[in-house]
Amino acid sequence: MIFLSLRGLMKEIFFSKKISYFDIFKLTRYYYPHKKLIFGFSREEVYTAYIDISINENTFFSNFKKNTKYEINRAKREGIIFEEEKNIKLFYNYYNEFAATKQLEFIKYKTLLKYKDYFIITKAVKDKLILSMHLHIYNDDIAILLYSASQFRNIKDKKIKNLIGYSNRFLHFEDMLYFKNIGCIYYDFGGYAYNTDDKSKQNINQFKDSFSCIPKKRYIYTSWLLYSLIFIKNILRLKIQKL
């Protein structure tokens, strides 16, 4: 998977089998390549959390924690359904409304368009009310969760809040089945805060652990040219904030 931004000047490459020496002199970042570090790139160690979805559906479902299995089944009993969403603008607005409630960084519409050839948007819906939405990028082997959103902080009705809680686990499970059916082998929850002391990150880890995911060490390689530009940009941003 190759994504271009900054009018094609910056390149992001996922799961590459090789790293090109020519990319040392370009604005390039490799996510989780199969090849080891070569000269001219900085290396960042990260963790992700994944599940093998190539095995029998009942087998990986049986590995989920008891409460997770209950909430998935409860969502089905409540009439929550899984749907694919084609409207990028709908997801863009939905996610940014969610981000505002959690003080998260907003996504830019052009960022979503960068991924459009490799992403799938899904949603959990009841009676036309969107309870939660996910956006993944994927290739033949793996689907990676990039963005997840729900609107429970804007809803006071306790029953609806409970439904949204059920819906998020339900949607993850249905996502797994969706990507399994199109041939993916792994479902990746994205980042995993390994050995963290941050309580909020621990809570997110516990949510992912409830699906019996496996933490996996991966590496991100950034060309020195791009790394230098990011470093300078951050310095300038700090100086502006102090003004």
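Structural remarks
- Each helix, a run of at least 4 DSSP H residues, gives -39500 (n - 2.57); summed and divided by the residues of the chain, these come to -12000 deg cm²/dmol at 222 nm.
- Cα long-axis angle, helix 158-181 against the chain (0 to 90 degrees, to the nearest 10): 60
- Principal-axis analysis of the Cα atoms of the chain puts helix 88-102 at an angle of about 90° to the longest axis.
- Out-of-range pairs (alpha-carbon distance over 27 Å; input Lys65/Lys158; Lys65/Lys116; Lys69/Lys159): Lys65/Lys116
- Of Lys17/Lys108; Lys11/Lys89; Lys11/Lys86; Lys11/Lys123; Lys123/Lys180, pairs whose Cα-Cα distance is over 20 Å: Lys17/Lys108; Lys11/Lys89; Lys11/Lys86; Lys11/Lys123
- Degrees between helix 224-242 axis and first principal axis of the chain (Cα, 0 to 90, nearest 10): 70
- Straight-line cross-link partners of Lys201 among the aspartates and glutamates, defined as a Cα under 13 Å from its Cα and at least 8 positions apart when in the same chain: Asp209.
- Most fluctuating residue given options Lys102, Lys89, Lys126, as computed from a GNM of the chain linking Cα atoms under 10 Å: Lys102
- Global form of region 41-170, assessed from the alpha-carbon gyration tensor, a/c cut-off 1.5: oblate
- A Förster radius of 41 Å combined with the Cβ-Cβ distance from Asn162 to Ser62 puts the calculated FRET efficiency at roughly 0.95.
- Structure remark: mean-square fluctuation, Gaussian network model of the chain, C-alpha springs under 10 Å; the largest value among Ala99, Ala143, Ala124 belongs to Ala99.
- Most mobile of Leu90, Leu225, Leu177 in a GNM of the chain (Cα contacts under 10 Å): Leu90
- For the chain, the spread of Cα positions along the three principal axes, ordered from largest to smallest, is 55, 47, 38 Å.
Read the figures in this text as sums done on the coordinates, not as results from a lab. As the structure is a prediction and not an experimental result, all values here were calculated from the model. Heads up, the Cβs are rebuilt from the backbone with ideal geometry, glycines too, and the neighbour counts pull from every protein chain shown.
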